[in-house]
Amino acid sequence: MLNLQSQSGYRENKMVMFATTVTSCSYLHFPKRLSVTRQTIKCSSTTSSISASFDLKTYWSTLREEINQKLDEAIPVKYPAQIYESMRYSVLAEGAKRAPPVMCVAACELLGGNRLAAFPTACALEMVHAASLIHDDLPCMDDDPSRRGQPSNHTVFEMDMAILTADALFPLGFRHIVSHTPTNLVPETQLLRVINEIARAVGSTGMAAGQFVDLEVPANAIDFIHEKKYGEMGECSAVCGGLLAGANDEEIQRLRTYGRAVGILYQVVDDLLEAKSSKNKLVAAEKLVNEKKEKSYVGAYGVEKAMEVAEGLRAEAKTALEGFEKYGEKVLPLYSFVDYAADRSFSFADHV
């Protein structure tokens with residue numbers, strides 16, 4: 001076992017990239033000891049030596065194109081046309097990264113599953129994700145005017161249609177899993193576990209709970225909100241991929257820990273980047289204390305604590321992957337997602 005921080009120049013460079021990303025703002029003070037946060041993250045020598053050369057952007061972009069095609073086929077325009085056009089507007093938005101479905105496929109392939117077996121569930125995850133975003137953006141929720149580089153669904157199709165659109169996408173996702181997953185690749189018992197996992201993630205103990213608490217605005221609930229609103233989708237995506245491939249209980253638990261950590265990590269880094277992009281302290285302060293929209297780790301705990309949380313999540317996600325060393329290079333997509341969530345080393349701007 002190797003300590004990536006002390007023995008891998010690549011790891012050191014990635015940590016510097018992360019710190020540089022969130023410390024280059026002139027008006028925020030960052031203690032020197034946080035310029036590169038030290039973590040002891042163990043990984044096999046195989047993963048350590050070749051992870052730097054893994055081309056995540058190509059892997060992700062290729063899968064993204066395939067998933068976009070599958071989603072286009074999954075939501076044809078029928079009668080009444082307007083609701084289908086509204087569904088397609090949100091699900092097929094060009095600015096969508098497709099992180100949940102890509103993570104699902106990567107987890108399935110890690111454990112020896114067939115990519116074709118994962119695509120229906122991957123599409124369902126994107127439908128569920130899009131539905132949750134439509135609801136989040138409503139004036140009675142987070143009241144966001146834009147999403148994925150385009151006007152929010154309710155600003156284009158009105159609130160009543162937006163609500164119906166999200167309501168239609170949730171069951172369509174479940175139906176798509178049942179009707180399109182090859183039965184010769186995935187037993188029905190495994191599909192039932194997948195459906196149960198998605199229902200758990202979006203329900204009253206999952207994302208819905210997070211949104212409710214978010215609306216209540218308790219001062220000490222930021223951890224719960226991030227765990228439920230953002231961690232649940234990452235956890236569900238990784239676990240569904242494992243279930244489709246027939247993962248054992250230990251592997252499912254590792255994927256659960258991994259996916260949740262990555263989901264929260266992505267949002268914490270978003271919070272840090274949002275603070276960095278603000279033009280001055282006043283704008284940043286006003287935005288971060290806005291009780292309706294901008295509850296974040298930076299707003300609740302400050303930049304220093306948010307950075308510590310991010311590196312802790314990064315370490316937690318990579319530690320969870322240690323149990324998959326026997327699968328060799330197949331773990332690299334999941335491993336690379338962790339660093340991408342922290343460093344944002346590329347964008348999809350040239351693809352959208």
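The values are calculated or read from the model by the stated rules, or taken from the named source; none is laboratory data. Please read all numbers here as calculations on a predicted model, not as lab measurements. We place every Cβ from the backbone using ideal geometry, glycine too, and count neighbours over all the protein chains shown. Calculation scope for accessible area: heavy atoms of the full protein, side chains included, ligands and nucleic acids excluded. Shrake-Rupley method; radii C 1.70, N 1.55, O 1.52, S 1.80 Å.
Observations
- Computed packing ranks the peptides 236-244, 74-82, 220-228, 98-106 as 236-244, 98-106, 220-228, 74-82, most packed first, by mean other Cβ atoms within 10 Å.
- Contact order relative to length of the stretch 56-343, as percent, for alpha carbon pairs under 8 angstrom and 6 or more apart: 19
- Surface composition of the stretch 56-343: carbon plus sulfur atoms hold 53% of the accessible area, using a 1.4 angstrom probe and ignoring ligands, DNA and RNA.
- Our summary of shape: the Cα atoms of the stretch 56-343 have principal axis extents of 58, 49, 34 Å, ordered from largest down, in whole angstrom.
- Set 78/295; 229/305; 57/276 screened for pairs whose C-alpha atoms are more than 29 Å apart: 78/295
- Accessible surface area normalised per residue over the stretch 56-343 is 41 Å², counting heavy atoms of protein chains with a 1.4 Å rolling probe.
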